[in-house]
Amino acid sequence: MQRYFFTIVLLLYAGLTLAEYYPERHHWQTSTPEAAGFDATRLSAAVDFARSQAVTEPGDLYQILVDNYVGKEPNYRVLGPTVPRESDSGMVIKGGYIVAQWGDTQRVDMTFSAVKSYLSTVAGLALADGLIAAVDDPVGDYVTDGKFANQHNRLISWHHLLQQTSDWQGSLWDTPDWADRPVGETLEQQQNRELYPPGSHFKYNDVRVNLLAYSLLQVWREPLPQVLKRRIMDPIGASSTWRWHGYENSWVDLDGQKMQSVSGGGHFGGGMFISAEDHARFGLLFLRKGLWQGQQLLPAEWVEQIVQPTESRPDYGYMWWLNIGKQRLPAAPESAYYAAGFGGNYVYVDNQHDLVIVLRWIPEIAPVIERFLLALD
């Protein structure tokens, strides 16, 4: 502790910000606001504001899903596990150090669509390992069980699935693609929706995201949580408490073994259950361009690729939300990007300010990010 104090003093004397730091597995050092370049009073006010925006009631997420989607989506049902939400939490990481934190940052919560950013990471690893030769390859060259066999689906590439522009037709885990956030007033209109060429139309659709997870399972030939744990979460010192779930009916037989295909969100339950602290480590990995303590866990080129705008939806990359034109986060740099999930689950990455911010159960991200950026000196 004394050594750390003298390091802070020397950095302040030299007029420098904190040196780049990677947290240890079971310990994460903190910094004073002043040493990290924040005004302490404004930072405290930003935390208070963030907490005032949190929504944690009602807590029963199973019932919230049922209330939200039964009646809106044909044959909707919760297929994966859920856990109640209890309280908000958050973390502000500057230079790798914790500058502010609140709530129970070790509590494991559902994170809904923020898991999509973890899913795209597993795709990046498959590319790095040569399991997928190129993102523009047709997925049907790798998944040969008929899911990409028809005239439309055989044109779908990994790039299209990662950008949610595939417009894949079919049914997965007993749910047809058109039944997720259906378009049209009548069942006939929903079932006979307009079909778009792959790459030309963005549609946020968990059936197709789950198809990406299934397709990656076919490529890896092992459960995706095992891949993520071995290649990313263990090396960055994440806890052993996170879980990545699929559905009760998403089990497949691969090479004589029964494996669960995980979900890319919590729309039907399941998905990633994880703590704010583990989220923060994941965000810090991306802030460091895939590098962790001298080890390149993800190619830096992949970290650049995920923030390339989708042509038909410029504020979306490879399952990360972008700030192109500062439309989503007016106070943040255009280069900032973030993972986002239902209910207000965010992992914000800001290279310009060497900053990661994790928010749990805060629905509106923009005003909260603005307060934290205004707290910087």
message = Anything in region 141-190 that is among the charged types (D, E, K, R) and either assigned to a loop (DSSP other than H, G, I, E, B) or in contact (Cβ under 8 Å) with a residue 24 or more places away in the chain (or both)? List them, or say none.
response = ASP145, LYS147, ASP167, ASP174, ASP177, ASP180, ARG181, GLU185
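May I ask you to verify whether GLU334 is surrounded by fewer than 18 Cβ atoms within 10 Å (Cβ to Cβ) and closer than 30 Å to ASN68 by Cα?
no
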key: Breaking point among (1) assigned by TED's automatic domain parsing to the domain that holds TYR346; (2) without any contact (Cβ under 8 Å) to a residue 60 or more places away in the chain, for ARG221   = (1)
task = Collect the residues in region 231-248 that are in a loop (DSSP other than H, G, I, E, B) and either surrounded by 18 or more Cβ atoms within 10 Å (Cβ to Cβ) or of a type in the set (D, E, K, R) (or both), keeping them in residue-number order.
result = ASP234, ILE236, GLY237, ALA238, TRP242
task = Would you confirm whether any residue within region 191-198 is assigned by TED's automatic domain parsing to the domain that holds GLN164, assigned to a helix (DSSP H, G or I) and not charged (D, E, K, R)?
result = yes
key: Members of region 109-134 that are assigned to a loop (DSSP other than H, G, I, E, B), more than 13 Å from the chain's Cα centre (by Cα) and either on the phi > 0 side of the Ramachandran plot or crowded, with 19+ Cβ neighbours inside 10 Å (or both)   = GLY130, ILE132
request  = Looking for whichever is surrounded by 24 or more Cβ atoms within 10 Å (Cβ to Cβ), of a type outside the set (Phe, Trp, Tyr) and either without any contact (Cβ under 8 Å) to a residue 24 or more places away in the chain or touching a helix residue (DSSP H, G or I) at 6+ places or on another chain (Cβ under 8 Å) (or both) here; the options are GLY271, GLY256, GLY294. Which one fits?
outcome  = GLY271
request  = Please go through region 298-317 and pick out each residue that is in a loop (DSSP other than H, G, I, E, B), surrounded by fewer than 20 Cβ atoms within 10 Å (Cβ to Cβ) and touching a residue at least 60 places away in the same chain (Cβ under 8 Å).
outcome  = PRO299, GLU311, SER312
Verdict on LEU373 being modelled with pLDDT of 95 or more, among the aliphatic types (A, V, I, L, M) and under 27 Å from PRO225 (Cβ atoms) = no
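The values are calculated or read from the model by the stated rules, or taken from the named source; none is laboratory data. Since this is a predicted model, take the numbers as computed values, not measurements. Cβ atoms come from the backbone with ideal geometry, glycine included; neighbour counts cover every protein chain shown.
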